[in-house]
Amino acid sequence: MRSTRADAPGRDRHAADTPPVRKRWSPDGDLPKWVQEEVSRVTAKGRIPATLELLQVAAKEFAAAKFGKALRDLEEAKELSPRTATIREMLGLSAYRLGRWEQALRELRTFRRLTGETTHMPVEMDVLRALDRPRDVEEVWKAFRRIGGEREVEREARVVFGAFLLDNGREREAWEITNPKRIGDKPHESELRVWFVAARAAARLGDLKTGRRLYEAIQASDAGFPGLDELDRATAGR
């Protein structure tokens, strides 16, 4: 699912630069068993039913892009169960979708502290990028490189940090971080997003041949990929 986040401060904002929201819960049907177990483990017994009900409603609202409603229900759920990591995660992602950057950062960092997971560190970096806090973007990138994460999350981190480098005129560094080395068949969406930033970096560096090759690879895989028209112009050499 691609991000539909609000516009943020900074240069060269592209939909393809911002990380898609990765959900660990199911928006349909009953909450996964592990979520129910999590809530039961960290919530006062008398508050468990109401917390689970609010979470279920919020998950469906989030899936329907009703982020304001989801946020309100999740804030109520947080009052009942502040140590449920899934609530803090969903709160952070809902706030991110609404452009409420400070709240998004606070909740996603709480989620990371509660779980030790790096899943949403690319979103953290994008929030810091929106808040124009370049030193903190660098620190989160360094922390992610040190801690690591799943392959798809690692790609999204490179996308966001590469775009941040382009924002700040650091094209060579952006290329070094996003250079795909090889262009394979049937790429994952996260690979296309890395290629997109790499193509922009190559074009900025004057390597239109490489930029064009990456553009054509993205187009061949997903003709509707966001930002392709602009990338076409940037790499066409005319």
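Every number in this text was worked out from the coordinates using simple rules, so none of it is lab data. Just so it is clear, the structure is predicted and the values come from calculations on it, not from any experiment. A quick note on method: Cβ atoms are made from the backbone with ideal geometry, for glycine too, and the neighbour counts reach across all protein chains shown.
Among Thr84, Thr43, the ranking by other beta carbons within 10 Å of each residue's beta carbon, starting with the fewest, stands as Thr43, Thr84. For the chain, the relative contact order comes to 17 percent (Cα pairs under 8 Å, sequence separation of at least 6). The calculated 222 nm mean residue ellipticity attributable to helices in the chain amounts to -20500 deg cm²/dmol, summing -39500 (n - 2.57) over DSSP H runs of n ≥ 4 and dividing by all residues.
Translational diffusion coefficient of the chain at 25 °C, 0.890 mPa s, Stokes-Einstein with Kirkwood Rh over Cα pairs, in µm²/s as a whole number. Result for D is 131 µm²/s.
Taking the fewest neighbouring Cβ atoms within 10 Å as the starting point, the ordered list for His120, His188 is His188, His120.
Each Lys or Arg adds one and each Asp or Glu takes one away; over the other residues whose Cβ falls under 13 Å from the Cβ of Ala70, this sums to +2.
The phi torsions of the stretch 173-185, fed into the Karplus equation with coefficients 6.51, -1.76 and 1.60 and a -60° offset, translate into couplings of 5, 4, 5, 4, 7, 10, 3, x, 6, 9, 10, x, 7 Hz, rounded to whole numbers, with Gly and Pro shown as x. The phi-based Karplus calculation (6.51 cos²θ - 1.76 cosθ + 1.60; θ = phi - 60°) puts the 3J(HN,Hα) values of the stretch 121-131 at 5, x, 5, 4, 5, 5, 4, 5, 5, 5, 7 Hz, whole numbers, x for Gly and Pro. The count of lysine pairs in the chain that are at least 8 places apart or cross chains, and whose C-alpha atoms lie under 30 Å apart, stands at 25.
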